[in-house]
Each structure stands twice: as structure tokens, then as C-alpha cells.
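Before any comments, here is the structure.
The values are calculated or read from the model by the stated rules, or taken from the named source; none is laboratory data. Here the structure is a predicted model, which means the values were calculated and not measured. Methodologically, a virtual Cβ is constructed for each residue, glycine included, from the backbone with ideal geometry; neighbour enumeration extends over all protein chains shown.
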Amino acid sequence: MRVVVLLLAILALAAFIGCQAKPMVLSESGSESEGIKVHGDWTVEVTNPDGSLATRKQFANAFKGQHLVAGFLSYDLEVDRTIDFFVSDSPSGGLVSSDEANCKESILKTDFVLATAIHAPNDDGDLYNSVWSASCTLEINGDQPKFLTKVETIMLVTPKIGKKSAGGFVHGVWSLSSKELAEPIEVLDGQVIAATVILSVE
């Protein structure tokens, strides 16, 4: 299986001035990695009654569970699906989040925003896609503009299989797709960032 993440990040930014909103839409294709190849590596052994090896075969073949992977990414499991919005103090701020900006809808005292997910067909009609959407209402202290520098899809997995802390296990944090924006987007207090990403399993 090749997991190709088509980051059709539809970043709609709305500046609320009075009762009128001025949306801004940006689309950047690509991701930080081109994808992951998954295939089946098999080892089949036949042993004799005395335990000696009679035959050993090794081979590789294609993975046929694309619909299962897309379903796992979409269905209501013990998983929180989130989109992480990185907002920095300057366009060259990289991945350093601003202390003055946060998403009103964020959870766990992070920039993670819960995303909705639907199981969707690809162009051939196969259910190989998982479509995630989330939006973030910006709360920025002060009057200095901030900059959206990166978006990322995150799965917070339960049961807790992540790092162990003094208080027990924390959520397993699994990044699926991320994109550092070549041209960071200037954002202001009260604007809404809306992102949709299609996770395509081929």
C-alpha cells in the first residue's frame, strides 16, 4: 500500500470586521514526505515431525487493506483526530508557537483542534479516503499580527500507548501528515482558519 497524503489544505481565513467577513483561501499541495510504501513480507516454513526444517519460503506481495486503513482513519474509534495549527510570532518563526496566540477550540492545552472525519471514495469509487476537517478561531493578545507557519494531522490514541509519565501513560500522539507553509500566512485576532485534508490510501 502506498499512503499518499494529498494535502489539499483549504485554509480559509476569515477576518471579522463588523458583520462582514473577508475570507482568504490558500491551497498548497504536497507534504513533508511523499508517502510510505507498505507491502506484505512473508516467511512460510514447513517443519518435519522431528523439528527440522523441510522448506522455507520468503516472498513479498501487495497490501490489499486500503479500505481498512481509510476506515480506521475515519470511524468512531477510541481516537481523537485533531488538526494542529502552528501560529508563530513572525513568518520566520518556524515551529515555535506564539505564547500570545491560541485556538479557541483547542484541547489539552495545546494547539490541537478536534477534527471531524468521513470515510470517502476516491476517483475510482473505492473507499480509500479519509477526509478530515477542523477550524480554529484565533485569540491573539496584543495588536501584533501572527503567522500560520504549519498545519499537521494528529491522532491521539486511547488506550494510552504513548510515552509513560510519572502520572501514568499519556495519549499516544501520532502524526499522519504535516505541511510547513512555504509562505506563512499573516493572521489576526478573531480570524478563523479552516483546514480540510484528504488522507488518500492507494
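Going through region 135-173 one residue at a time, which ones are assigned to a strand (DSSP E or B) and at pLDDT below 80? Don't jump to the end; show me each part of the working.
First, pick out the residues of region 135-173 that are assigned to a strand (DSSP E or B): 135-140, 146-157, 164-165, 168-169, 172-173.
Listed by number, the residues that qualify are Val157, Lys164, Ser165, Gly168, Phe169, Gly172, Val173.
Just checking, does region 27-37 include any residue being in contact with a strand residue (DSSP E or B) (Cβ under 8 Å, 6 or more places away or on another chain), more than 24 Å from Trp174 (Cα to Cα) and either basic (Lys, Arg) or modelled with pLDDT of 85 or more (or both)? So far as region 27-37 goes, no, none of its residues is in contact with a strand residue (DSSP E or B) (Cβ under 8 Å, 6 or more places away or on another chain), more than 24 Å from Trp174 (Cα to Cα) and either basic (Lys, Arg) or modelled with pLDDT of 85 or more (or both). What number of residues in region 98-134 are over 30 Å from Lys64 (Cβ atoms) and either modelled with pLDDT of 90 or more or not aromatic (Phe, Trp, Tyr) (or both)? Of the residues in region 98-134, 17 are over 30 Å from Lys64 (Cβ atoms) and either modelled with pLDDT of 90 or more or not aromatic (Phe, Trp, Tyr) (or both).
Taking region 105-153 as the search range and keeping residues that are of a type in the set (D, E, K, R) and under 19 Å from the mean Cα position of the chain (by Cα), which one is farthest from Ile198 (Cα to Cα)?
Restricting attention to region 105-153, the residues satisfying the condition of being of a type in the set (D, E, K, R) are 105, 109, 111, 123-124, 126, 139, 143, 146, 150, 152.
Narrowing the set further to residues that are under 19 Å from the mean Cα position of the chain (by Cα) leaves 105, 109, 111, 150, 152.
Values: Glu105: 21, Lys109: 26, Asp111: 20, Lys150: 16, Glu152: 12 Å.
The residue in question is Lys109.
Go through Thr82, Thr55 for me and flag whichever is surrounded by 10 or more Cβ atoms within 10 Å (Cβ to Cβ), assigned to a strand (DSSP E or B) and polar (S, T, N, Q). Give the steps one after another, and end with the answer.
Working: Thr55 fails: surrounded by 10 or more Cβ atoms within 10 Å (Cβ to Cβ).
Going through Thr82, Thr55 in turn, just one is surrounded by 10 or more Cβ atoms within 10 Å (Cβ to Cβ), assigned to a strand (DSSP E or B) and polar (S, T, N, Q): Thr82.
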